[in-house]
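The values are calculated or read from the model by the stated rules, or taken from the named source; none is laboratory data. A quick note: this is a predicted structure, and the numbers were derived from the prediction, not measured. Cβ placement follows ideal geometry from the backbone for every residue including glycine, while neighbour counts extend to all protein chains displayed. Surface accessibility is based on the protein's heavy atoms, side chains included, excluding ligands, DNA and RNA. Shrake-Rupley method; radii C 1.70, N 1.55, O 1.52, S 1.80 Å.
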Amino acid sequence: QVLLVESGGGLVQAGGSLNLSCAAPRITFSIYHMGWYRQAPGNQRELVATITSDGSTNYRDFAEGRFTISRDNAKKMVYLQMNSLKPEDTAVYFCNADRPALVTYWGKGTLVTVSS
């Protein structure tokens, strides 16, 4: 049963932009905190950005000012707008839905490759 589906990844040149999307049609979307994480080859998964049920956002330092996380509860979608991409942003980006201490869901990821 697939609950989160990411899309929007691809190959871009440094300095370019991508907008990632995550669809969550089967969960009670509005009550979940949502987040984007990424995992580069050989590395562990790391936080990129989160957005709470009430819209509060949090970013890792590398994402601050370049990336924007947003959500549309009516569409059950969460987005990650990525600008000024760098080669070090290359990773598989994962969508996460979380209810603390209760349940968490992960998507399968979408690959972002940034060429130099």
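Here are a few things to note about the model shown:
- Percent carbon-and-sulfur accessible area, the chain, ignoring ligands, DNA and RNA, probe 1.4 Å: 48
- To the nearest 10, the accessible area of SER56 is 60 Å² with a 1.4 Å probe.
- Projecting the Cα atoms of ALA49, VAL114, CYS22 onto the charge dipole of the chain, computed from C-beta unit charges around the Cα centre, puts CYS22 farthest toward the positive end.
- Both the radius of gyration and Dmax for the range 1-66 are 13.5, 37 Å, in that order, over alpha-carbon atoms.
- Relative contact order (percent, whole number), the chain, Cα cutoff 8 Å, 6+ residue spacing: 36
- Neighbourhood net charge (12 Å Cβ-Cβ; Lys/Arg +1, Asp/Glu -1) for ILE51: -2
- Taken per residue, the accessible surface of the chain reaches 53 Å², heavy atoms only and a 1.4 Å probe.
- Beta bridges per DSSP with both ends in the chain, % antiparallel, nearest 5: 90
- Inter-probe distance in nm under a simple model that places probes 7 Å from Cα toward Cβ, at SER84 and VAL103: 3.9
- Check: the range 23-105 dipole with +1 on Lys, Arg Cβ and -1 on Asp, Glu Cβ, in debye: 280
- Cβ-Cβ FRET estimate between GLN39 and ASN19, R0 fixed at 25 Å, reported to 0.05: 0.80
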